[in-house]
Amino acid sequence: MPNTSQRVSALQLNIHFNRKLFLAMLFSTFCTCTPCIAANEVKLVLNDPTEAPYTTPDGTGFFDIIAREAFHRAGLKLTLIKLPAERGLINANAGIDDGDLSRIAGIEKKYTNLVRVPEKLMNMDFVAFARQSKPSEANWANLADFSVGYIKGWKIFENNLTSSNNTLTADNPEQLLTLLDKNRIDVALYDRWMGMALLNQMHIKNVRVVEPPLAEREMFIYLHKRHESKIPAIVAALRAIKSEGLYTKICREKFGVLATSTAQCEIH
């Protein structure tokens, strides 16, 4: 029969063994649960109708950084896909995809299954690009005097041009600016920053932005209504990114290489 000293030693050994077993189980649980959480992360697929400098193939565009950071802070993983502008809205509204990255306010009136994230991504300038000779200025009224091109599915242009306008739609921005460069149209309607970046990329030198812009609009993320509960977290994340100064910093980096003024980067 073990004496008192032997019984105490056995008890200590048992406690030590149980402590090691507990720590091993705790470590194992932590290591196995972390990948499980990642595997169960909510992933959203949004159509991205924009180009550089907003989004780029390598994911270093302004919206790439800001939107992905906002989604990450909201506990979401954002994946962007490229579809033609109209098709992207149709798919998002039908629930085939989870939403659309960047649209003007009000599209929910037609695409009723989409819900707006009520914190803007940015103000966009919608402008006319023209060759050096004409026009000296552009507005919705005097565009009737020119042949006009725009990308199919861009609602701000579709909604403001009338049947009196001589219009031609393009499938993509490269085609649009090629039409202008080849004198097939007088003016091309597009976003200021994407147009400037693409003109540089295509080495088109004889085209300018007609000032002032036709319109300036706030741009918003839209989600399919099944994701409406996720919107408050995204809004909070976007506001935090702006208040921390990260928004302005990244914006100036991405747009400052295209123009001396980056007023759109200021929070307002």
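Among the criteria (1) without any contact (Cβ under 8 Å) to a residue 60 or more places away in the chain; (2) assigned by TED's automatic domain parsing to the domain that holds Thr79, the one Ala240 does not fulfil is (1). Within region 74-105, the residues that satisfy the criterion of being in a loop (DSSP other than H, G, I, E, B) and either touching a strand residue (DSSP E or B) at 6+ places or on another chain (Cβ under 7 Å) or in contact (Cβ under 8 Å) with a residue 12 or more places away in the chain (or both) are Ala74, Gly75, Lys82, Leu83, Pro84, Gly95, Asp97, Asp98, Ala105. Here is a check on your reading of the model: is Val148 outside any helix (DSSP H, G or I), surrounded by 13 or more Cβ atoms within 10 Å (Cβ to Cβ) and either modelled with pLDDT of 95 or more or basic (Lys, Arg) (or both)? So Val148 passes the test. Among the conditions (1) in contact with a Phe, Trp or Tyr (Cβ under 6 Å, 6 or more places away or on another chain); (2) modelled with pLDDT of 95 or more; (3) not assigned by TED's automatic domain parsing to the domain that holds Glu51, the only one that Gly99 does not satisfy is (3). Applying the condition of being surrounded by fewer than 18 Cβ atoms within 10 Å (Cβ to Cβ) and over 13 Å from the mean Cα position of the chain (by Cα) to region 78-101 and asking which residue is nearest to Lys155 (Cα to Cα) yields Glu86. Only one residue in Leu198, Leu214, Leu189 is within 20 Å of the chain's Cα centre (by Cα) and either surrounded by 18 or more Cβ atoms within 10 Å (Cβ to Cβ) or within 15 Å of Glu119 (Cβ to Cβ) (or both), so which one is that? The unique qualifying residue is Leu198.
Would you mind stating whether Thr248 is over 17 Å from the mean Cα position of the chain (by Cα), under 20 Å from Tyr54 (Cβ atoms) and hydroxyl-bearing (Ser, Thr, Tyr)? No; evaluated as a whole, the condition is false for this residue.
The values are calculated or read from the model by the stated rules, or taken from the named source; none is laboratory data. Computed from a prediction, not measured in an experiment: that's the story for all the values here. So basically every Cβ, Gly included, is an ideal-geometry build from the backbone, and we count neighbours across all protein chains shown.
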